[in-house]
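Okay, so here's the structure we're looking at.
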Amino acid sequence: MTKNPPKKLAALQHGRYFGLAEPLRYEGPKFKPSAKRPLGYRWYDPQRKVLGKTMQQHLRFAVCYWHSFVWPGTDPFGGDTFQRPWHAAGGDAMAQAAHKAEVAFELFRLLNVPYFTFHDRDIAPEGATLRESNLNVRRIGELFDKKMRDTGVGLLWGTANLFSNRRYMAGAATNPDPEVFAYAAAQVKNVLELTHELGGENYVLWGGREGYETLLNTDLKRELAQLGRFLTLVVEHKHKIGFKGTILIEPKPAEPTKHQYDYDVATVFGFLKAHGLEKEIKVNIEQNHALLAGHSFEHEIALAQALGIFGSIDMNRGDELLGWDTDQFPNNLPQVALALYHIVQGGGFTTGGLNFDAKLRRQSIDPDDLIAGHAGAMDLCARALLVAEKMIEDGALAEQLRERYHGWDGKLGRGILAGKQSLADLAALVERNSLEPQPRSGRQEVLEALVNSYL
């Protein structure tokens, strides 16, 4: 990256956008809001050691650009409610993008978060041509470069928006037109390279329209082959440019399409295996997407770890009474505690982290609501991490699990898994020893009560 942004962008000066001036800090569990300090962290103490690492190292918080600064508060029945300055129609789009970046880094500072995430179309306006669009992204990338060096905030991951423009209404990699495939590849190339240059730790692919609305006009075999080729091209280019970060796929079963090819963790793993990419690509798991697939958040995390493809998470929640992706800030302590328990038990994050893919409710129109939403979510996650610490240090859950499967650590279990017995050998063993194994309790109620005892 160039060391300084273009003069036009560097010269932009903006007044204070948020009501707060000083960054939030750890105040302790007894913190009471006041006019002087209306917000603070009760549980999130970035340097507090938990199981050998600091909270900041465990959680690796990131603010997402799209919901926080791009979404205007619309819904299918009403227009924008937020009316941020950079949303105004008819303005200088690049000046507005620069203004948005200034406000974004001010939010990062006030929250004291280590990372952010973005799509290319979040940070800069789309131009008349791809060349113009990519140039716009690069110009804001130069501003990011300066801001990141000035503040120490890092890029958790970047990604390309391959779903909003009407050219992608039938998909990007899975589009029936190879020219759209080529356009999407060119767009990804630009953002992958920018992510690399900004020191990003991951690159995410979300196939928002990689699926179908009806099988009447869909060739499944052809589209799956196209998607496999697209992912292979991304991996090849990652190695060509020397990007050391992780390529991530974010599973989602539906919405906006009727069926998406990255339905859930199991589906993604099967697809990666079919194309020889299971060692190259991992998953970014979102809570709300897990619910839409009929799973719990911890199920998707635990399965990804079991399959060796766990990478990162988007932390939000869905409304369990609504059947769509509501992207709300997390507020359920038991659910988040179990998710973090599985993450930490599995070794924790490496390049991944905890990204708040969450948006304000459309009635939360004050700029400071952005601070409150993120701060509350960060505090909840910190508190959940402390609950997970209790679970792990106590060891009772892990011991119950070991006890349930202890037979598989014995001679018979090890021999079966090592392939030392045939089907006939096992049948003879049962007959010779008159085996009549009896079932044992799964103790689900005991375990659920045990989890509640840590809260």
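The values are calculated or read from the model by the stated rules, or taken from the named source; none is laboratory data. Here the structure is a predicted model, which is why all the values come from computation and not from measurement. Counting neighbours? That spans all protein chains shown, and the Cβs are built from the backbone with ideal geometry, glycine included. The protein model used for the area step is the full one, side chains on, heavy atoms only, and it has no ligands, DNA or RNA in it. Shrake-Rupley method; radii C 1.70, N 1.55, O 1.52, S 1.80 Å.
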Selected residue (criterion: farthest from Asp357 (Cα to Cα)) from residues of region 116-143 that are surrounded by fewer than 21 Cβ atoms within 10 Å (Cβ to Cβ) and basic (Lys, Arg): Arg131
Flag for Arg402 being modelled with pLDDT of 95 or more, open to solvent by 60 Å² or more (accessible area, probe 1.4 Å) and part of a helix (DSSP H, G or I): yes
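Do the conditions hold for Leu198, that is, is it at pLDDT 95 or above, open to solvent by 10 Å² or more (accessible area, probe 1.4 Å), within 26 Å of Arg149 (Cα to Cα) and in contact with a strand residue (DSSP E or B) (Cβ under 7 Å, 6 or more places away or on another chain)?
Details: at pLDDT 95 or above: yes; open to solvent by 10 Å² or more (accessible area, probe 1.4 Å): yes; within 26 Å of Arg149 (Cα to Cα): yes; in contact with a strand residue (DSSP E or B) (Cβ under 7 Å, 6 or more places away or on another chain): yes.
Answer is yes for this residue.
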Residues being in contact (Cβ under 8 Å) with a residue 60 or more places away in the chain and among the polar types (S, T, N, Q) - total across region 289-341: 1
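Could you please give the count of residues in region 442-455 that are open to solvent by less than 90 Å² (accessible area, probe 1.4 Å) and either assigned to a loop (DSSP other than H, G, I, E, B) or under 16 Å from Glu403 (Cβ atoms) (or both)? Talk me through it step by step, then tell me what you get.
Pass one, region 442-455, residues open to solvent by less than 90 Å² (accessible area, probe 1.4 Å): 442, 446-447, 449-451, 453-455.
Applying the additional criterion that residues be either assigned to a loop (DSSP other than H, G, I, E, B) or under 16 Å from Glu403 (Cβ atoms) (or both) yields 442, 446-447, 450, 455.
Qualifying residue count for the region: 5.
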Selection from region 31-46 of residues that are open to solvent by 70 Å² or more (accessible area, probe 1.4 Å) and either in contact with a Ser or Thr (Cβ under 7 Å, 6 or more places away or on another chain) or modelled with pLDDT under 95 (or both): Lys32, Pro33, Ala35, Lys36
Any hit, region 306-322, residues being of a type in the set (Lys, Arg) and open to solvent by 50 Å² or more (accessible area, probe 1.4 Å): yes
Conditions (1) assigned to a helix (DSSP H, G or I); (2) free of Cβ contacts under 8 Å to residues at least 12 places away in the same chain: number failed by Lys420: (1)
Count of residues meeting criterion [open to solvent by 10 Å² or more (accessible area, probe 1.4 Å), touching a strand residue (DSSP E or B) at 6+ places or on another chain (Cβ under 9 Å), of a type outside the set (Lys, Arg) and not in a helix (DSSP H, G or I)] in region 279-305: 1
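Of all residues being surrounded by 24 or more Cβ atoms within 10 Å (Cβ to Cβ) and touching a strand residue (DSSP E or B) at 6+ places or on another chain (Cβ under 8 Å) in region 332-356, which is nearest to Thr81 (Cα to Cα)? Just the residue, please. Lay out the reasoning, then the answer.
Quick first cut of region 332-356, residues surrounded by 24 or more Cβ atoms within 10 Å (Cβ to Cβ) only: 336-337, 339-341, 343, 352-356.
Filter once more, keeping what is touching a strand residue (DSSP E or B) at 6+ places or on another chain (Cβ under 8 Å): 339, 343, 352-356.
Working: Ala339: 33, Ile343: 37, Gly352: 33, Gly353: 30, Leu354: 28, Asn355: 24, Phe356: 21 Å.
My answer is Phe356.
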